[in-house]
């Protein structure tokens with residue numbers, strides 16, 4: 001991605017997170033980036049294309065991180081630990097992306113449907129790991145769909161926890177909170 005496209009991407013992410021998708025205009029983006037509309041349209045054909053690129057790249061980042069980290073482990077509970085840590089890191093580093101994913105998940109517009117579809121594809125990846133862990137008796141028996149949704153829910157609850165905390169949190173402090181509750185709840189007794 002060239003410098004101008006990256007600047008449009010990063011600026012749009014900040015504006016969408018702060019103002020919301022609907023309240024952010026192409027004019028807001030071009031004024032903040034400091035480029036002409038023609039330059040923006042050279043890189044993206046519409047605000048919707050910027051949004052789609054943003055959420056697709058965000059979900060790809062999550063999925064690629066999960067693939068890379070989980071293949072290092074044979075034990076499926078360790079794979080879940082890795083996913084939780086990845087999600088905590090994403091919350092800490094890409095807070096704006098998480099705000100966008102969460103705010104645009106609800107509704108029936110095309111962008112809402114796109115966002116849902118991408119999030120569901122990520123949750124399905126977790127679900128497959130959970131299913132295999134249950135089959136191997138490395139994860140407590142349960143509804144893999146519910147467990148996968150709970151693990152994805154760490155993104156939601158983690159962001160709320162981070163925003164409510166009065167002092168700065170480290171990645172490991174936040175991870176420890178979820179390890180103590182979520183991961184331990186999945187351990188086979």
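Structure notes:
- Pairs linking a residue in the stretch 152-177 that is in the same structural domain as residue 124 (by TED's automatic domain parsing) to a residue that is outside any helix (DSSP H, G or I) and surrounded by 12 or more Cβ atoms within 10 Å (Cβ to Cβ), with Cβ atoms under 7 Å and 6 or more positions apart or on different chains, are 162/169.
- All of (1) farther than 30 Å from residue 24 by Cβ; (2) loosely packed, with under 13 Cβ neighbours inside 10 Å; (3) touching a residue at least 12 places away in the same chain (Cβ under 8 Å) hold for residue 135 with one exception: (3).
- On inspection, residue 12 qualifies as crowded, with 20+ Cβ neighbours inside 10 Å and free of Cβ contacts under 8 Å to residues at least 60 places away in the same chain.
- Helices (runs of 4 or more DSSP H) (entirely within the stretch 18-91) containing at least 3 residues that are crowded, with 17+ Cβ neighbours inside 10 Å and assigned by TED's automatic domain parsing to the domain that holds residue 119: 47-70
- Scanning the stretch 35-45 for residues that are farther than 13 Å from residue 15 by Cβ and touching a helix residue (DSSP H, G or I) at 6+ places or on another chain (Cβ under 8 Å) gives 35, 36, 37, 39, 43, 44.
- Residues considered: 160, 119. Of these, the only one that is assigned to a helix (DSSP H, G or I) and either buried (at least 18 other Cβ atoms within 10 Å of the Cβ) or in contact with a strand residue (DSSP E or B) (Cβ under 7 Å, 6 or more places away or on another chain) (or both) is 119.
The values are calculated or read from the model by the stated rules, or taken from the named source; none is laboratory data. Quick caveat: nothing in here was measured; it's all calculated off a predicted structure. Neighbour counts run over all protein chains shown; Cβ positions are idealised from the backbone, glycine included.
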